[in-house]
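Novice: A single structure is presented below for examination.
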Amino acid sequence: PAMEAEALPVISGLGLKRDSPPSLPPPAPATTFSGRVSSSSSDDKGNSSPSSVEVSVVCSGKCKVHGVDNIGTVPAALMTYLALSELRDPRVDLVISAGTAGGFAARGAAIGDVFCATAFANHDRRIPLAKFDDYGTWRSDAHPAPRMAAALGLKSGPVSTGNSLDWHDLDMASMSSGGAAVKDMEASGVAWACSLHGVPLLALKSVTDIVDGGKPAEEEFLANLATASEALHVALRGALEFVAGKGVDE
């Protein structure tokens, strides 16, 4: 998560402890938490066996100049890259970009819904030059997780990323053409860093505001942040319990 307000329900709910010293050393502004999440998996005959997964939560920390959460694609890409470089014991098998997002009513989104990403793209990197236009959009697929989404009752769809909470008409045109289900400010940066390391990526995005609902995003975001953060915690715990004891392709 980028914002601590999004991360705190997850951290406390999973019983994670703050790393001291942090797993990502200064000058990286990240705050990191770690622990194990246990689950019980069943085989084809219904026999249960305990399993667990090692979890590290990386938040982008605070801006030293303005004192607010580091949000947007630059901190997200940096912290993901550093985490994949530094967290080697154990090594990272899977990244989950977990956070809040705006949702599109036209794609079935409602406040508090959690979406499992199917794909990522940028909607505000407009570079109208040969080959650079696709580079700017940088479409990529999420690691497929239809069984997990179905088991947890999550909605699914593409995530579109930009560095503004609001949107321009050109942004909306790009998001609409890409079939975006949710709009966030981090996922494509995380996806880029994961692609460099060859690590599979999932994204769970909890809806705080309705992009095509006509209300100011900042008002809905603040009003619904607590509700969306709790929904994110429930979905993320479910996802971690689902993946415990399984290979990534399962």
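The values are calculated or read from the model by the stated rules, or taken from the named source; none is laboratory data. These figures come from a predicted structure and were not determined experimentally. Every residue, glycine among them, receives a Cβ derived from its backbone with ideal geometry; neighbour counts consider all protein chains shown. Accessible surface is based on the protein model in full, side chains and every heavy atom, while ligands, DNA and RNA are left aside. Shrake-Rupley method; radii C 1.70, N 1.55, O 1.52, S 1.80 Å.
Novice: Residue separation times 0.36 nm, minus the C-alpha to C-alpha distance between Ala130 and Ala106: what's the value? Show your work: numbers first, answer last.
Specialist: Working: separation 24, 0.36 × 24 = 8.64 nm, distance 3.19 nm.
Length gained between Ala130 and Ala106: 5.5 nm.
Novice: Moving on to the next point. Counting only C-alpha contacts under 8 Å and six or more residues apart, can you give the relative contact order of segment 191-250 as a whole percent? Provide the component values of the computation, followed by the final result.
Specialist: Details: 27 pairs, mean separation 16.5, N = 60.
Result for segment 191-250 is 27 percent.
Novice: Output needed for segment 70-204: three equivalent-ellipsoid semi-axes, defined as square roots of 5 times the C-alpha gyration tensor eigenvalues, in descending order, whole Å.
Specialist: Values: eigenvalues 101, 79, 33 Å².
After diagonalising the Cα gyration tensor, the semi-axes are 23, 20, 13 Å.
Novice: A further question on this structure: Measure up Lys62/Lys205; Lys62/Lys246; Lys131/Lys246; Lys205/Lys246 against 29 Å on the Cα-Cα distance and list the ones that go over. Don't skip to the answer; put the middle values down first.
Specialist: On the way: Lys62/Lys205 21 Å; Lys62/Lys246 35 Å; Lys131/Lys246 39 Å; Lys205/Lys246 22 Å.
Over 29 Å Cα-Cα: Lys62/Lys246; Lys131/Lys246.
Novice: Return the carbon/sulfur percentage of the accessible area of the chain, one whole number, probe 1.4 Å, all protein chains in place. Walk me through the numbers on the way to the answer.
Specialist: On the way: 6830 of 12390 Å².
Of the solvent-accessible surface of the chain, carbon and sulfur hold 55 percent.
Novice: With every protein chain kept in place and ligands, DNA and RNA left out, what is the accessible area per residue of the chain? Probe 1.4 Å, answer in Å². Write out the running numbers ahead of the final one.
Specialist: Values: 12390 Å² over 250 residues.
Result: 50 Å² per residue.
Novice: What are the membrane-span-like helices in the chain by this rule: whole DSSP H runs, Cα extent along the axis at least 20 Å, mean Kyte-Doolittle hydropathy at least -0.5? Write out the running numbers ahead of the final one.
Specialist: Working: long enough: 217-243 (35 Å, 0.56).
Length and hydropathy pass: 217-243.
Novice: Whole number please: convex hull volume per residue, Cα atoms of segment 130-203, in Å³.
Specialist: Working: hull volume 8.0 nm³, N = 74.
Looking at segment 130-203, the number lands at 107 Å³ per residue.
Novice: Now a separate question. If I model a spin label as a point 7 Å beyond the Cα along the Cα-Cβ vector, how far apart are those points for Glu219 and Lys246 in nm?
Specialist: A separation of 4.1 nm, rounded to one decimal place.
Novice: Something else about it: Assuming 0.36 nm per residue, please report the length gained on full extension of the stretch Arg139 to Lys64 beyond their Cα-Cα distance. Before the final figure, lay out each step's value.
Specialist: On the way: separation 75, 0.36 × 75 = 27.00 nm, distance 3.20 nm.
Taking 0.36 nm per residue and subtracting the Cα distance, the gain is 23.8 nm.
Novice: P(r) for segment 61-126, please, calculated from all Cα pair distances in 5 Å bins and given in %.
Specialist: 3, 11, 16, 19, 20, 17, 9, 4, 0
Novice: In Å, what Rg and Dmax follow from the Cα atoms of segment 99-143?
Specialist: So, for segment 99-143, Rg and Dmax equal 13.5, 40 Å respectively.
Novice: Cα gyration tensor of segment 1-147, axes a ≥ b ≥ c as square roots of the eigenvalues: rounded (a/c below 1.5), prolate (a/b > b/c) or oblate?
Specialist: On the way: a/c = 1.70, a/b = 1.19, b/c = 1.43.
It comes out oblate by the Cα gyration axes.
Novice: So if I place +1 on the C-beta of Lys and Arg and -1 on the C-beta of Asp and Glu, and nothing else carries charge, what would the dipole magnitude of the chain be about its Cα centre? I want it in debye, nearest 20.
Specialist: Details: 20 positive and 29 negative charges, 85 e Å.
Approximately 420 debye in magnitude.
Novice: Spin-label point model (7 Å from Cα, Cβ direction): what's the Ser195 to Arg91 distance in nm?
Specialist: 2.2
Novice: Decide, for segment 151-250, between rounded, prolate and oblate: order the square roots of the alpha carbon gyration tensor eigenvalues as a ≥ b ≥ c, take rounded if a/c falls under 1.5, and otherwise choose prolate if a/b is larger than b/c, else oblate. Working shown, then result.
Specialist: Numbers: a/c = 2.25, a/b = 1.38, b/c = 1.62.
Here segment 151-250 falls in the oblate category.
Novice: Something else: Setting aside same-chain residues fewer than 8 positions from Lys155, which aspartates and glutamates have a Cα under 17 Å from its Cα?
Specialist: Within reach: Asp113, Asp141, Asp184, Asp209, Glu230.
Novice: On to the next question. Leaving out same-chain residues fewer than 8 places away, which lysines sit with a Cα under 25 Å from that of Lys64?
Specialist: Partners within reach: Lys17.
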